[in-house]
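Q: I am attaching a structure below and will ask some questions about it afterwards.
The values are calculated or read from the model by the stated rules, or taken from the named source; none is laboratory data. Every value quoted in this text rests on a predicted model; they were computed, and no experiment measured them. Counting neighbours? That spans all protein chains shown, and the Cβs are built from the backbone with ideal geometry, glycine included.
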Amino acid sequence: MKRSAHPRLAAFLSVALALAGCDSKSPDPAAERPAGEAASPETGADSAAPSGGKTYTIGMSQCNLGEPWRVQMNADVQRAAEQHPELEVIFKDAQNDSLRQRAHVEEFVQAGVDAIIISPKEAQPLTEPVAKAHEQGIPVIVLDRAVLGEKFACFIGADNVKIGRAAGTWIRSKLGGSGKVVELKGLMTSTPGQDRHRGFRDGIQGADGIEIIFEADMKWLEPEARKEMESALARHAKIDLVYAHNDPAAHGAYLAAKAAGREKEIIFVGIDALPQEGVMYVQRGIIDASFEYPTGGAEAVDIALEILAGKPVPKKITLGSRYFTKENVSSGGEPISDLLGEEKEST
Ligand code: FRU
């Protein structure tokens, strides 16, 4: 018996497929493969009926589990998979090492998993193993950080350029068009770092009074961000705002400023907005704004099931985002499209 997508994706998929002009003649070999031809020898369309035994195995390679956002992504995958007794997910943690993550993908291929979900550390080193798995007919769903090219079944993530632009727009208005800004960038060999930077610069473009007085790559890590912020504080007597590419970095910057007795004169902005992290920081007045970056974990499981059922899926799924400030946090934040003057986001 073939399974169909979770309802949260069903409506989205029909619209996305229509818009993308996508049909079941997709050139994507992995996306096309019917369930009965799944990579594992034990799998087959008939045995997909819930018989108590697992029918599909998904390998999930997480780039690290050192940050709450990634722990949340795995929990979202796990929770979604638990709704489907025929699914088993094998989790691997690459511990922030691209070589180790390459090996994960190769091991999953060797083991003959039915699908792979990967949240890659860096685009370049993970492109080849992902492409190879795809070429061997194993559907690979790439989550959050991208790989290069098109050799995978589906990419799921929020639009980081848009999030960066929304942050830039908010910052520009908060600063009244002028101020001294520190930018703490995410790992610049990963796509969200590049995109959040580009979007932000776009968002503040034309506000000639906004000056980026210090920028550094904090590699997504709170201790790195704290260290970089200590340098910024030592070099600059006046800092009006910190734009950090994630909430751990915004928090690290806050701690550095607090240690220097300067946290009250600085506005802190981060990205991720996990309820127990960024949103809580905003509620407590530790940071001033956080922009949501959904994990896409549940959507990845839904898409894997669609592919394993032989259904066409879009090549790219873009998730919506909200932003949280002191003013809107108690009412659940607002869609970033409100800042960008666009139509409402779907989430
Ligand atoms: C976690 C993280 C998040 C960030 C995402 C970008 O590793 O740094 O904080 O939003 O990765 O890929």
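Q: Within the set of pairs 6+ apart or on separate chains, which have a first residue in the stretch 274-296 that is among the acidic types (Asp, Glu), a second that is surrounded by fewer than 24 Cβ atoms within 10 Å (Cβ to Cβ), and C-beta atoms under 6 Å apart?
A: As it stands, the answer is Glu277/Pro68; Asp288/Ile267; Glu292/Ser321; Glu292/Arg322, since those pairs meet every condition given.
Q: Can you find a residue in the stretch 137-158 that is surrounded by fewer than 19 Cβ atoms within 10 Å (Cβ to Cβ), at pLDDT below 95, among the small types (Gly, Ala, Ser) and not assigned by TED's automatic domain parsing to the domain that holds Ala225?
A: Taking every residue of the stretch 137-158 in turn, none turns out to be surrounded by fewer than 19 Cβ atoms within 10 Å (Cβ to Cβ), at pLDDT below 95, among the small types (Gly, Ala, Ser) and not assigned by TED's automatic domain parsing to the domain that holds Ala225.
Q: Have a look at Ala289, Ala249, Ala253, Ala273 and point out the one that is in the same structural domain as Leu184 (by TED's automatic domain parsing), on the phi > 0 side of the Ramachandran plot, among the hydrophobic types (A, V, I, L, M, F, W, C) and surrounded by 24 or more Cβ atoms within 10 Å (Cβ to Cβ). Step through it out loud before you land on a result.
A: Working: Ala289 fails: on the phi > 0 side of the Ramachandran plot; Ala249 fails: on the phi > 0 side of the Ramachandran plot; Ala253 fails: on the phi > 0 side of the Ramachandran plot.
Result: Ala273 is the single residue among Ala289, Ala249, Ala253, Ala273 that is in the same structural domain as Leu184 (by TED's automatic domain parsing), on the phi > 0 side of the Ramachandran plot, among the hydrophobic types (A, V, I, L, M, F, W, C) and surrounded by 24 or more Cβ atoms within 10 Å (Cβ to Cβ).
Q: Residues of the stretch 64-107 being outside any helix (DSSP H, G or I) and basic (Lys, Arg), which ones? I'd like the intermediate steps shown before the answer.
A: So the first thing to find is which residues in the stretch 64-107 are outside any helix (DSSP H, G or I), and the list is 64-67, 83-97.
Within the stretch 64-107, just Lys92 meets the criteria.
Q: Val140: more than 15 Å from the ligand (Cβ to nearest atom), in contact with a Cys (Cβ under 9 Å, 6 or more places away or on another chain) and within 28 Å of Gly320 (Cα to Cα), yes or no?
A: Working: more than 15 Å from the ligand (Cβ to nearest atom): yes; in contact with a Cys (Cβ under 9 Å, 6 or more places away or on another chain): yes; within 28 Å of Gly320 (Cα to Cα): yes.
The answer is yes for Val140.
Q: Step by step: first the residues of the stretch 196-231, then only those that are out of contact with any helix residue (DSSP H, G or I) (no Cβ under 9 Å at 6 or more places or on another chain) and among the acidic types (Asp, Glu), then the one that is surrounded by the most Cβ atoms within 10 Å (Cβ to Cβ). Which residue is that?
A: Glu211
Q: Test Asn74 against the criterion of being under 23 Å from the mean Cα position of the chain (by Cα), within 13 Å of the ligand (Cβ to nearest atom) and touching a residue at least 60 places away in the same chain (Cβ under 8 Å), and give yes or no. Quick ask: steps written out before the conclusion?
A: Details: under 23 Å from the mean Cα position of the chain (by Cα): yes; within 13 Å of the ligand (Cβ to nearest atom): yes; touching a residue at least 60 places away in the same chain (Cβ under 8 Å): yes.
Answer is yes for this residue.
Q: Regarding Val313, is this residue touching a Cys at 6+ places or on another chain (Cβ under 6 Å) and either assigned by TED's automatic domain parsing to the domain that holds Gln194 or more than 16 Å from Gly168 (Cα to Cα) (or both)? Even if it seems obvious, please write down each step before you answer.
A: On the way: touching a Cys at 6+ places or on another chain (Cβ under 6 Å): yes; either assigned by TED's automatic domain parsing to the domain that holds Gln194 or more than 16 Å from Gly168 (Cα to Cα) (or both): yes.
Spelling it out, Val313 is indeed touching a Cys at 6+ places or on another chain (Cβ under 6 Å) and either assigned by TED's automatic domain parsing to the domain that holds Gln194 or more than 16 Å from Gly168 (Cα to Cα) (or both).
Q: Mind listing just one residue for me: the one in the stretch 166-192 that is away from the ligand (no atom under 12 Å from the Cβ) and of a type in the set (Lys, Arg) and, of those, surrounded by the fewest Cβ atoms within 10 Å (Cβ to Cβ)?
A: Lys174
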